[in-house]
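Below is one structure, written out as structure tokens; comments come after it.
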Amino acid sequence: MTEKKFYFFANWKMYLDFDESNILANGLAEELKNKSRSYEMTVFPSALALQTVTQVLRDLNIDTGIQNGYWVDKGGYTGEISFSMAQNIGCRFALIGHSERRHQFKESNHDVRMKMENVINNTKLVPVLCVGETQKERDDGKTEEIIEAQLRSAYDGVNWDEKREIIIAYEPVWAIGTGNACDAKEAQSQHERIKAIVKELLPGQSLSVLYGGSVSPENAENYLKEKDIDGVLVGGASAKMDSWLKILAIAEKISKKYV
Ligand code: PGA
């Protein structure tokens, strides 16, 4: 059987406060203890709960990541948290350029590039680059152009160590939080293109591309059957115990087919 590592990323966004995050993390730890897992699970809690959630999940080999960070390690930057600070409390992953950052907080491709360079040069975190087109860009037939520009500006000329993982999340903006998930075949064709572009920019690196945008227990399996979809980045359905456990049951089933 082919070996394929699947990633199940839970982006809790700003859905849960400190207590709610810890209750969900402890509940997951209780459910998942003593169960072997053949997939990678990572939780991205709010920055406020990052340390406590990391401590709760560490013993189960469930990783955590920071949802956003600043590209300078320390200094007079009121309100910011750096990626190296996230690493310091035990995080392994960093989301970079999530569409809510790009569109609601006006992060540019330049900002995304600065973050990518900081994570690569100053930390050991695995950067998870998020790319995707808006509804308007899709309607204007610009999907491929937008994704390619986002990839090139983030990776071109970055000093990447061969041993570091590359993870990209294809998250069409029109599919995020809308219930209007992208068709699995359409996502597959974008993933195939993304892999081809990144292989050209960073040859010889192993690369995983995850799909995100209204993933639910009902549709998750459709994505995971596609050749170039290596996992899912889930928002709303990951911040509730019942829907996340249903997605993890699919994770278990699909991972067993490959390992
Ligand atoms: P959603 O969010 O699953 O709620 O659509 C996905 C994401 O933004 O990462």
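Right, residue 154: open to solvent by less than 30 Å² (accessible area, probe 1.4 Å), closer than 27 Å to residue 41 by Cβ and within 16 Å of the ligand (Cβ to nearest atom) or not? So residue 154 fails the test. Being modelled with pLDDT of 95 or more and near the ligand (Cβ under 10 Å from one of its atoms): is that true of residue 238 here? Judged against the criteria, residue 238 is a match. Take the conditions (1) free of Cβ contacts under 8 Å to residues at least 40 places away in the same chain; (2) of a type in the set (Gly, Ala, Ser); (3) assigned to a helix (DSSP H, G or I); residue 179 misses just one of them, which is (3). Considering only residues of region 246-256 that are among the hydrophobic types (A, V, I, L, M, F, W, C) and away from the ligand (no atom under 16 Å from the Cβ), which is nearest to residue 66 (Cα to Cα)? So the residue we want is 249. Restricting to region 218-232, give me the number of residues that are open to solvent by 10 Å² or more (accessible area, probe 1.4 Å) and either under 13 Å from residue 253 (Cα atoms) or assigned to a helix (DSSP H, G or I) (or both). Count: 3. Of everything listed in (1) within 24 Å of residue 156 (Cα to Cα); (2) touching a helix residue (DSSP H, G or I) at 6+ places or on another chain (Cβ under 9 Å), the single unmet condition for residue 64 is (1). The set of residues from region 105-151 being under 23 Å from residue 13 (Cα atoms) and of a type in the set (Lys, Arg) comprises 106, 113, 115, 124.
Residues satisfying the criterion are present in region 158-174 (criterion: in contact (Cβ under 8 Å) with a residue 24 or more places away in the chain, within 16 Å of the ligand (Cβ to nearest atom), in contact with a strand residue (DSSP E or B) (Cβ under 6 Å, 6 or more places away or on another chain) and acidic (Asp, Glu)). Scanning region 175-198 for residues that are of a type in the set (Asp, Glu) and within 16 Å of the ligand (Cβ to nearest atom) yields 183, 186.
The values are calculated or read from the model by the stated rules, or taken from the named source; none is laboratory data. Since this is a predicted model, take the numbers as computed values, not measurements. Using ideal geometry, Cβ is built from the backbone for each residue, glycine included, and neighbour counts are taken over all protein chains shown. Just so you know, the surface numbers come from the protein's heavy atoms only, side chains and all, with ligands and any DNA or RNA stripped out. Shrake-Rupley method; radii C 1.70, N 1.55, O 1.52, S 1.80 Å.
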